[in-house]
Structure formats: C-alpha cells, structure tokens
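The values are calculated or read from the model by the stated rules, or taken from the named source; none is laboratory data. All values reported here derive from a predicted model rather than from experimental measurement. Cβ: placed from backbone, ideal geometry, glycine included. Neighbour counts: every protein chain shown.
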Protein chains: 2
Amino acid sequence: MRWQFSNELPIYSQLIEQIKVGVVSGMFPPGERLPSVRDLATEAGVNPNTMQRAMTELERDGLVYSQRTAGRFVTEDKVMIENAKRDLAQHHIHAFLAAMFRLGFQRDEIASLLQQQTQEEGLSNVDSGM
Amino acid sequence: MRWQFSNELPIYSQLIEQIKVGVVSGMFPPGERLPSVRDLATEAGVNPNTMQRAMTELERDGLVYSQRTAGRFVTEDKVMIENAKRDLAQHHIHAFLAAMFRLGFQRDEIASLLQQQTQEEGLSNVDSGM
DNA sequence: GTTATTGTCTTAAGCAATTAATACAATAAC
DNA sequence: GTTATTGTATTAATTGCTTAAGACAATAAC
C-alpha cells in the first residue's frame, strides 16, 4: 500500500481515509487480516498510536474489527462495504457540485468541463495519481 | 457575506478560500473596496490578526491589493480573476475524478451518478448549501 | 495641520490537537 | 507454562493555531 500525506489534515484522519478507500475499493478484501498496528505504522511511517487511532475510528464505523491478539480484520459484511462506498461517492459528488456552484458554474458548464477532463484523464484510468 | 467555519482546517485558510470564492464568483466585483481588516474580522468573528493573515496570502496571489490607508481592493485584472476561477475549477474537477477512480468507479459510472445528482440538486441551483 | 482610519508588525500567551513514549493486558503459538 | 505478538490505555511532549495587546506608519478626511 502506498501511503502519502499532506499537511492539510491530521495524519490520523488521512489514515482513516486511505484505509477506508482500501477497503471499499477491494484492495483489502472482506475478511482479510490486516497487518498489525505496529507493522502498519512502520510501513506508513507514523507512530503506532496514530495508526491505532485511525483503527479505532474505522472500528466504530464497523469496517474492521479486532480480535484481541489474533489481529484485526476487514468486515465480512459486503453490504456494509458497498454502503460505505456509496456514501463516500455521494459525499464527493455533493461536495464537488456544491463547490462548482459556489464558483458560479452552471450545470451544463460543469458537465462539459467534466467531459473534457475525463477525456484527458481517460488514458490513465487506473492510477489516478493524486 | 456569510462566514462559516469547520474545524477541519485552520480558520485562516478557510478565510482565504471563502474570500477567494467571493472574488471569482463576482460577489466581490473587480476594483471593489473591501471592508477594513478590523471590520471583516468583527463580521467573521475572528481575531483581526487571523483576517490579516488571510489577506496577506490573497495579496501574494494578486487577487487583492492594499492601498496604505485607503483600504484594500479587489484586483481590476479580470483575466487574473478568470484564471483563478479556472484554476479552482480544474483543481476541484481533478480531485473529484481522482477520488472517484480511487473508489473504483469507471468513467461512465461517474457520469451517470453525476447526472442523477445534478437532477436532484437542480432545483436549488443558486444556494448550494453545503 | 489635526484627526481618524487603515494597513502592518511584533511579542506573547493560551489553548487544543497531534504525536510520541511507554507500560499494561490478553491470548495465540509453541 | 512460557514467550511473543497483538490490541489497548495512559501520560507527556510537541506543535501550530488563534487570540490578545499594543505600537507604528501612512494618508484620507476634515
């Protein structure tokens, strides 16, 4: 997994985001065991507590669960994962449209801008950079 | 102007964002005089230094300029404003698409989701809430 | 020319959140 | 039963943001 952080948001919340994306995108399949908090922390280059904090919140959401000393696992509930994916998408869509409206764009302008961009972006569909 | 802040980002950077949107959306027309730093700060409910910090950065970008004691003004350079608007839009578009691709959506799925959403959102075009 | 307004700068203090260090608890593995 | 691994909890240090108070400089307004 490729970890990268900006300094615009707390690291722990960026961890939450990235792990969540990993789950809903299928990079971490349902039921799969995650590396230990310590290993993940080392891999991501953060303090174990920071990773732990992210995990705690993901657990609250139900996307992962921990088994005392056996480790931590992705939920097997595929519906929940689908819902999480849908919610994330909805959030992005809504925020995006709101931002564009605030800038003064109309619906049709947004659509045409998007079409241009998707065409350019089209070839590198898999690795979207960012 | 309606000021509102989340606790996800520093207030000063939210100020920058909101003022910038005010300029590129035409709420603050080119050449218009802005209220004084002290007044804006009072209006937004922040410390004058925080508002000053935002203004300093906006000035670096060139969107506003200050005239010693006469006050601070929106740039008259309409091209610059247009460019800023285009850049903001590009940024939102790129970030949005990248996020959706990361979630595992394909181009056509994104398009159809967006169309659904714009139809729902359509009626309240002006005040996009958020 | 005096005054009030405005932008600017400096210093410091307070506060909240994040990160770090370390210790503890439970249990799987052997 | 011992050990190593894991999740968890506690406490402390650090960091950055915000606010505060105040002074200075320039000039528009009168």
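Before moving on, here are some points about what is shown:
- Filtering segment A:42-49 for residues that are facing chain B (nearest Cβ under 8 Å) and charged (D, E, K, R) leaves an empty set.
- Taking each residue of segment A:1-21 that is within 24 Å of residue A:65 (Cβ to Cβ) and free of Cβ contacts under 8 Å to residues at least 60 places away in the same chain and looking for partners that are of a type in the set (S, T, N, Q) and not in a loop (DSSP other than H, G, I, E, B) with beta-carbon atoms closer than 8 Å, six or more apart or interchain, yields A:1/A:18; A:3/A:18; A:11/A:50; A:12/A:50; A:15/A:50.
- Put simply, of A:70, A:98 the only residue that is within 16 Å of DNA strand D (Cβ to nearest atom) and more than 15 Å from the chain's Cα centre (by Cα) is A:70.
- Any hit, segment B:93-102, residues being in contact (Cβ under 8 Å) with a residue 24 or more places away in the chain and of a type outside the set (A, V, I, L, M): no
- Condition check for residue A:46: within 18 Å of residue A:10 (Cα to Cα) and either in a loop (DSSP other than H, G, I, E, B) or more than 10 Å from DNA strand D (Cβ to nearest atom) (or both): yes
- From B:16, B:11, residue being under 17 Å from the mean Cα position of the chain (by Cα), farther than 19 Å from residue A:96 by Cα and within 12 Å of DNA strand D (Cβ to nearest atom): B:11
- Some residue of segment B:23-34 being touching a helix residue (DSSP H, G or I) at 6+ places or on another chain (Cβ under 8 Å) and of a type in the set (Lys, Arg): no
- Output for segment A:31-66, where each listed residue is surrounded by fewer than 16 Cβ atoms within 10 Å (Cβ to Cβ), under 15 Å from the mean Cα position of the chain (by Cα) and either over 22 Å from residue B:7 (Cβ atoms) or near DNA strand C (Cβ under 10 Å from one of its atoms) (or both): A:59, A:62
- Residue selection: residue B:60 fails the criterion of being of a type in the set (D, E, K, R) and outside any helix (DSSP H, G or I).
- Some residue of segment A:34-54 being touching a strand residue (DSSP E or B) at 6+ places or on another chain (Cβ under 9 Å), among the acidic types (Asp, Glu) and over 28 Å from residue B:21 (Cβ atoms): no
- Scanning segment A:62-80 for residues that are farther than 21 Å from residue A:51 by Cα and in contact (Cβ under 8 Å) with a residue 40 or more places away in the chain turns up A:76, A:77, A:78.
- In segment B:51-93, the residues that are facing chain A (nearest Cβ under 7 Å) and farther than 15 Å from residue B:26 by Cβ: B:92, B:93
- Hits in segment A:67-82 (condition: closer than 25 Å to residue B:117 by Cα and surrounded by 13 or more Cβ atoms within 10 Å (Cβ to Cβ)): A:80, A:81
- Across segment A:67-79, the number of residues qualifying as at pLDDT 95 or above and within 11 Å of DNA strand C (Cβ to nearest atom) comes to 0.
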